[in-house]
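Heads up, the thing below is written out as structure tokens.
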Amino acid sequence: MTRESIIAQALHALQSNGYVANYFANTESCFDIIARKQGLVLIVKVLSNIDSLRGEHAHEIKKLCHTLHASAVIIGEKTKV
């Protein structure tokens, strides 16, 4: 499954469950989707290979979550191991 199809599925799942979700396409951001439902904010990173998560991105997501009082979600399909 491609990263784009995983993102499409994640967006559909979030929106189907009442979240307002925004996808940040073609950016070099540490996250791909921000979703909000009532007081809950999710910062979502989508990876086709979970092993490709870079430490810098994880650290930036953690800082964003702290600042925005959000929760991080990392979605990945496979691993090398």
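The values are calculated or read from the model by the stated rules, or taken from the named source; none is laboratory data. Source: prediction; values computed, not measured. We place every Cβ from the backbone using ideal geometry, glycine too, and count neighbours over all the protein chains shown. These accessible areas exclude ligands, DNA and RNA; they are computed on the full protein's heavy atoms, side chains included. Shrake-Rupley method; radii C 1.70, N 1.55, O 1.52, S 1.80 Å.
Brief remarks follow.
- Residue check, Ala25 small (Gly, Ala, Ser), within 13 Å of the chain's Cα centre (by Cα) and modelled with pLDDT of 90 or more: no
- Failed item in (1) in contact with a helix residue (DSSP H, G or I) (Cβ under 8 Å, 6 or more places away or on another chain); (2) open to solvent by less than 50 Å² (accessible area, probe 1.4 Å); (3) aromatic (Phe, Trp, Tyr), with Tyr19 passing the rest: (1)
- Residue in segment 45-65 that is out of contact with any His (no Cβ under 8 Å at 6 or more places or on another chain), open to solvent by 70 Å² or more (accessible area, probe 1.4 Å) and of a type in the set (S, T, N, Q) present: no
- Whenever a residue of segment 37-66 is touching a residue at least 24 places away in the same chain (Cβ under 8 Å) and charged (D, E, K, R), its partners that are exposed (fewer than 13 other Cβ atoms within 10 Å of the Cβ) and assigned to a loop (DSSP other than H, G, I, E, B), lying with C-beta atoms within less than 9 angstrom and at least six residues away or across chains, give the pairs Asp51/Thr79; Asp51/Lys80; Asp51/Val81.
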